[in-house]
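Remarks on the structure that follows.
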């Protein structure tokens with residue numbers, strides 16, 4: 001089981017306010033994770049391949065993925081990462097404002113490990129992030145980083 005201080009989460013989110021809210025939720029929830037941030041799918045692949053500004057990036061244990069982003073959206077990123085032998089084992093949880101059944105179905109069909117609708121209320125969002133911690137850090141056994 002990954003130790004709390006070593007658990008790395010890559011947030012793939014283009015909206016600065018949503019990224020800040022997610023970081024705040026992790027901090028408010030007192031979650032000891034290394035929260036990294038990529039701006040879209042292209043930036044996330046640069047992160048995974050340790051290119052450009054991400055040359056020293058740690059391998060994430062979990063990816064939180066927004067769906068609607070410029071350059072490479074979450075659907076394209078999810079499809080591509082699940083076809084990549086080096087990264088397909090990393091669980092990807094969609095974290096989005098969309099409640100569309102078509103987005104939920106498409107995300108799972110592309111290999112998402114979960115789908116979470118971001119609530120508007122900060123207290124509820126913090127609770128959801130805490131539940132993410134309980135499940136992905138405390139309960140689930142993930143493969144060792146390669």
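The values are calculated or read from the model by the stated rules, or taken from the named source; none is laboratory data. Everything numeric here is computed off the predicted structure, so don't read it as measured data. Cβ atoms come from the backbone with ideal geometry, glycine included; neighbour counts cover every protein chain shown.
When residue 88 is tested against (1) more than 14 Å from the chain's Cα centre (by Cα); (2) farther than 14 Å from residue 12 by Cβ, exactly one condition is not met: (1). The set of residues in region 10-22 that are out of contact with any strand residue (DSSP E or B) (no Cβ under 7 Å at 6 or more places or on another chain) and part of a helix (DSSP H, G or I) comprises 16, 17, 18, 20, 21. When the residues of region 11-22 are filtered to those that are more than 11 Å from residue 40 (Cα to Cα) and surrounded by 15 or more Cβ atoms within 10 Å (Cβ to Cβ), the one that is modelled with the highest pLDDT is 19.
Region 32-146 holds no strands (runs of 3 or more DSSP E) entirely within its bounds that carry 3 or more residues that are at pLDDT below 90. Out of contact with any strand residue (DSSP E or B) (no Cβ under 7 Å at 6 or more places or on another chain), buried (at least 21 other Cβ atoms within 10 Å of the Cβ) and at pLDDT below 95, is that true of residue 25? Yes; evaluated as a whole, the condition is true for this residue. Restricting attention to region 38-88, the residues being touching a strand residue (DSSP E or B) at 6+ places or on another chain (Cβ under 6 Å), under 25 Å from residue 138 (Cα atoms) and in contact (Cβ under 8 Å) with a residue 40 or more places away in the chain number 8. Return yes when residue 35 is crowded, with 21+ Cβ neighbours inside 10 Å, free of Cβ contacts under 8 Å to residues at least 60 places away in the same chain, within 11 Å of the chain's Cα centre (by Cα) and closer than 22 Å to residue 132 by Cα and no when it is not. Criteria not met by residue 35. Keeping to region 92-106, report how many residues are under 20 Å from residue 22 (Cα atoms) and surrounded by 17 or more Cβ atoms within 10 Å (Cβ to Cβ). Number of matching residues: 6.
Considering only region 95-115, state which residues are under 17 Å from residue 48 (Cβ atoms) and free of Cβ contacts under 8 Å to residues at least 40 places away in the same chain. 110, 111, 113, listed by residue number.
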